[in-house]
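Here the structure is laid out as structure tokens; the discussion comes afterwards.
The values are calculated or read from the model by the stated rules, or taken from the named source; none is laboratory data. Please read these numbers as outputs of a predicted model, since none were measured by experiment. Cβ placement follows ideal geometry from the backbone for every residue including glycine, while neighbour counts extend to all protein chains displayed. We work out accessible area using only protein heavy atoms, side chains counted, and drop any ligands, DNA or RNA first. Shrake-Rupley method; radii C 1.70, N 1.55, O 1.52, S 1.80 Å.
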Amino acid sequence: KNNFGIVDSLHSPFGEGVYPCAALLNHSCAPNCILRYEFGRKVGSKFQLPILQIVACRNIVKGEELTHSYVDLALPTVERRARLIGTHGFECKCIRCQKNGCCLELPENRDEWALWPLKHKFAAMEDKSCGSLSTKLTEVDLDEAIIGCHAISENGESNIFRQAQQFEQNAEECLLEGNVAGELCNLSQGIDLFAPKGDVWFSPFHVQLYSLRGKYFAALLTNGLVNDAIAECEHIVSFLAVAFSHVEHHPLLGLQLFT
């Protein structure tokens, strides 16, 4: 399948295209290139179709193969591999798919994780320390950061996910019924499932939690609850800073930091 999903400057998909030269690029879950599209170029009296551009997202050494990702890099390894096998017929063995192949530094105290990536990003942009001299850091595997949990059985974890999906479904039904309070309440309850309870702990960057926060953020913003939406957005950007920590200049993270 060599068609490309065409996205605009806000990374919203609106079409597909066939680009034979770009189709020559192989996949990596730790790519050195990203794809973007140029719109509105006029030739004579007609506008050209979207032009695909291959852009380096980090320094590339001479002779290094150019790669981009065929799948969403915010997904954990198991899901990325499953999608690649299903749509492209191969099992990825890139560095991102190896245990401890991609790690990032987070506070040793997990209570400090939640918004630390966002604060660290802004501090780096402003060339400040963000308290890194006083915060003891440790290396964490990227998959552990986005799907990690502690002191909960596999059945218990599955039960949390089922409840979260039910709250999402209830919120969608409320949305269709015009029940704003019900939609917000269900999404908020879904998010609360991942809050620490005794020894049970889910990573604040858990991909399932990210999905709920994205829907809650959209609902808050749609209904004019801007301050609450900003608070959710901070958590969303922190997740993206973690999920894309191995892709130095990922445009989706850049877009979120800009907005």
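The 1.4 Å probe gives accessible areas that order 135, 87, 222, largest first, as 222, 87, 135.
Around residue 92, with a cut-off of 9 angstrom between Cβ atoms, what is the net charge of the other residues, counting Lys and Arg +1 and Asp and Glu -1? Value of the local net charge: +3. Exposure check, 1.4 Å probe, all protein chains in place: residue 35 carries approximately 30 Å² of accessible surface.
Relative contact order of the chain: 18 percent, from C-alpha pairs under 8 Å at least 6 residues apart in sequence. Rolled with a 1.4 Å probe across the full set of protein chains, the surface gives residue 197 an accessible area near 110 Å².
Expressed as a fraction of 2.2 N^0.38 Å, the C-alpha radius of gyration for the range 11-91 is 1.29.
When nucleic acids and ligands are ignored and a 1.4 Å probe is applied, residue 38 ends up with an accessible area of around 50 Å². When the accessible area of the range 155-243 is split by element with a 1.4 Å probe, what percent falls to carbon and sulfur? Reported share for carbon and sulfur atoms: 53 percent.
Spin-label model, residue 163 to residue 231: label points 7 Å out along the Cα-to-beta-carbon direction sit 2.1 nm apart. For the range 48-99, the equivalent ellipsoid built from the Cα gyration tensor has semi-axes of 23, 17, 10 Å, listed from largest to smallest.
Rounded to the nearest angstrom and listed largest first, the equivalent-ellipsoid semi-axes of the range 124-255 from its Cα gyration tensor are 28, 21, 13. Label sites at residue 141 and residue 248, each approximated as a point 7 angstrom past Cα along Cα to Cβ, lie 2.6 nm apart.
Taking the Cα-to-Cβ direction at residue 54 and at residue 36 and moving 7 Å from each Cα, how far apart do the two end points lie in nm? Placing both labels 7 Å along Cα→Cβ, they lie 1.7 nm apart. Helix-only arithmetic for the chain: the sum of -39500 (n - 2.57) across DSSP H runs with n ≥ 4, divided by the residue total, places the mean residue ellipticity at 222 nm at -13000 deg cm²/dmol. Solvent exposure of the chain amounts to 58 Å² per residue of accessible area, where only protein heavy atoms count and the probe is 1.4 Å.
Electrostatic tally near residue 175: other residues with Cβ closer than 12 Å to its Cβ, Lys and Arg +1, Asp and Glu -1, net -4.
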